[in-house]
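Note sheet for the following structure.
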Amino acid sequence: MDHLDLRCLPAELHNTPDRIPEAVRAAVAAQRAQYDEFKLLYADCGTGGRLRALCDELGIEMLQGPHCYAFFDGVARFEARGEMRSFFLTDFLVRQFDAFVWRPLGLDRHPDLRAMYFGQYTTLVHLAQTDDPALAVLAETHAARLGLAFQRRVTGYGDLQRDLSRWARAEG
């Protein structure tokens, strides 16, 4: 896929999903003269449909699904499970748990908040993109820290891999 260029937006945007559409708009505007076509490797990611509307406006194809957990697991499989009481982590979030979950929620300073944030969850589900035993152990440690049961699913890249491969073939 060396005929494709990847431009990343800051991962911390997922903590403020209302800022994602404008960050995408700015990134596309900054690169518009350089490329004929753009593909967005984001699902809706908590934007309430605003990202889809922006992509429609800009003529950009984006990943299907409400968020990355769905496309890593496979949108149809994810929706069929209906896991309303599961907290999900990808490999990235397992590695960056303290930076994206623990500290931003203040659990490092106020562990008593854990029940307020996670009391309605029953299970931490690690959607594993790689079959890495060390990440599995780390994810299980995070589940214990949150007081949740642990489940691991080796999903690979799910629908992301499928869509990216399709886009790469169409371009190549």
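Listed values, structure above:
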{"item": "Unit charges on C-beta of K, R, D, E only; dipole of region 32-172, Debye", "result": "340 debye"}
{"item": "Per-selection metrics, region 18-58 (Cα): Rg and Dmax in Å", "result": "10.1, 30"}
{"item": "Whole-angstrom gap from region 129-149 to region 21-59, using each part's C-alpha centre", "result": "33 Å"}
{"item": "Difference of contour (0.36 nm per residue) and Cα-Cα distance, ALA134 to ASP98", "result": "11.3 nm"}
{"item": "Calculated P(r) of region 87-163 - Cα pairs past 16 Å, %", "result": "49 percent"}
{"item": "Degrees, to the nearest 10: 133-146 long Cα axis against longest axis of the chain", "result": "60 degrees"}
{"item": "Added length on full extension, which subtracts the Cα-Cα distance from 0.36 nm per residue, GLU61 to TYR35", "result": "7.9 nm"}
{"item": "Solvent-accessible area, 1.4 Å probe, carbon plus sulfur percent, for region 130-172", "result": "54 percent"}
{"item": "Theoretical ellipticity at 222 nm over the chain - DSSP helices of four or more residues, -39500 (n - 2.57) apiece, nearest 500", "result": "-12000 deg cm²/dmol"}
{"item": "Paramagnetic reach from ASP18 (point 7 Å along Cα→Cβ, amide N under 13 Å) across region 30-54", "result": "47-48"}
{"item": "Probe 1.4 Å, protein heavy atoms only - accessible area per residue of the chain in square angstrom", "result": "57 Å²"}
{"item": "Solution diffusion estimate, µm²/s, Stokes-Einstein, the chain, Kirkwood Rh from C-alpha pairs, 20 °C, viscosity 1.002 mPa s", "result": "123 µm²/s"}
{"item": "The chain: angle of helix 20-31 to the longest principal axis, Cα-based, in degrees nearest 10", "result": "40 degrees"}
{"item": "Nearest 10 degrees, 0 to 90: helix 158-171 Cα axis against the chain principal axis", "result": "10 degrees"}
{"item": "Net length gained if the chain between ALA11 and VAL154 were fully extended (0.36 nm per residue, minus Cα distance)", "result": "49.3 nm"}
{"item": "Region 30-120: projected area of the alpha-carbon convex hull, averaged over directions, in nm²", "result": "8.1 nm²"}
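The values are calculated or read from the model by the stated rules, or taken from the named source; none is laboratory data. The shown structure was predicted, so the numbers you read here are calculated from the model rather than taken from an experiment. A quick note on method: Cβ atoms are made from the backbone with ideal geometry, for glycine too, and the neighbour counts reach across all protein chains shown. Protein only, heavy atoms only, side chains kept; ligands, DNA and RNA dropped before computing areas. Shrake-Rupley method; radii C 1.70, N 1.55, O 1.52, S 1.80 Å.
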